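Below: one structure, written as structure tokens.
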Amino acid sequence: MTTAPMPAYAGPSRVFSGMQPTGGLHLGNYLGALVKFVRLQHEHECIYCVVDLHAITIEHDPKALQQQCREVAAAYIAAGVDPKKAIIFVQSAVPAHAELAWIFNCVARMGWLERMTQFKDKAGKNAERMSVGLFDYPVLQAADILAYKATHVPVGEDQKQHLELSRDIAARFNSDYNAPNFFPLPEPLIQGPGARIMSLRDGSKKMSKSDPSDQSRINLTDDADAIANKFKRATTDPLPLPETAEGLKGRPEVENLVGIYAALADLSVDQVLGEWGGKGFGAFKPALADIAAQKLAPIAGEMRRLLVDRTALDEILRDGAARADAISAPMMSQVRDIVGLWRR
């Protein structure tokens, strides 16, 4: 006797993503996430979160955290995310995230989490001194996604392993509780150039706000002079720009700068090299700085305006939290019934 195939998830297509409020948003955040968030809101139902529960898994300043949440929300809006079209809110304002994370803790397996390479990278030799929250971070991430039954998640290559864990948890919940296709198995969305922007000082490392050198990144709030100075000092090599993408192999810093130019100018790498191949960095770097300044100046200005009017920004976040809760709360009622928990 053959078993009939399980029907596919029949719920709505929905995108979820989040960004940590740890301060100092930079060009990597803009090109790797914010540009995609803006594009996706016109193609999908989108939910964008400021993940403050994730931020407290490491040492943080409690007095600064709420303002850092506002800064991320302001960056979403300044980059072009429309809070009337997409949902923008702060994670801890919606109870489903923490509640579902605990239920998923009882579904996930230790071996799954022990294989997560990001924890090993962050903890290094100090794993025993790290918080349980940092180790358990991917389970909360799964709860973030599945609290809205999101079907798609825009991710970089470094987050694909965490998304695979979300899929494993969803599948295990569906199986353990005999709830076929209750949760979807979310798919990754990796779109376009600029998905992984590297340090201006070391092309083998991701651009990061945790890098001690401010010269390693372009901050969203840097002015034109700072941007020009940082690109001028960016690590390259003595050779001119190659004429084809093949020539970028083995030149990670050059590949990074060309990729940034392509992403900012909305061109392919081949188009950039068609214009700049054979030329030196003395001409290329100022041109790259000009494009970056033109793109980032309006965003920085709008972020400043939004942060001045804190009342209006907080109202956007309260409205977003109410809309997020309207989706996640009924889903959590179903989860409690499925698991057998006491009804509220």
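From the list ARG14, ARG39, ARG70, which residue is of a type in the set (Lys, Arg), touching an Asp or Glu at 6+ places or on another chain (Cβ under 7 Å) and surrounded by fewer than 22 Cβ atoms within 10 Å (Cβ to Cβ)?
ARG14
Which of (1) surrounded by fewer than 17 Cβ atoms within 10 Å (Cβ to Cβ); (2) under 21 Å from the mean Cα position of the chain (by Cα); (3) outside the structural domain of HIS60 (by TED's automatic domain parsing); (4) not basic (Lys, Arg) is the odd one out, the single condition ASP202 does not satisfy?
All conditions pass for ASP202, except number (2).
Considering only residues that are within 11 Å of the chain's Cα centre (by Cα) and more than 19 Å from ALA171 (Cβ to Cβ), which ones fall in the range 8-20?
SER17, GLY18, MET19, GLN20
Could you tell me whether ASP314 is farther than 23 Å from LEU239 by Cα and outside the structural domain of ILE87 (by TED's automatic domain parsing)?
So ASP314 fails the test.
Can we say LEU220 is outside the structural domain of PHE104 (by TED's automatic domain parsing) and over 19 Å from GLY282 (Cα atoms)?
yes
Filter the range 232-279 down to residues that are more than 19 Å from LEU200 (Cα to Cα) and of a type in the set (Ser, Thr, Tyr) and give me whichever is farthest from the chain's Cα centre (by Cα).
So the residue we want is THR244.
Among the residues of the range 67-86, count how many are without any contact (Cβ under 8 Å) to a residue 60 or more places away in the chain and within 10 Å of VAL50 (Cβ to Cβ).
Looking only at that region, the number is 3.
Would you tally the residues in the range 18-32 being of a type outside the set (Gly, Ala, Ser), within 18 Å of ILE88 (Cα to Cα) and outside any loop (DSSP other than H, G, I, E, B)?
Final tally of qualifying residues: 3.
The values are calculated or read from the model by the stated rules, or taken from the named source; none is laboratory data. Since we're looking at a predicted model, the values are computed, not measured. When we count neighbours, we look across all protein chains shown, and the Cβ atoms used for this are built from the backbone with ideal geometry, even at glycine.
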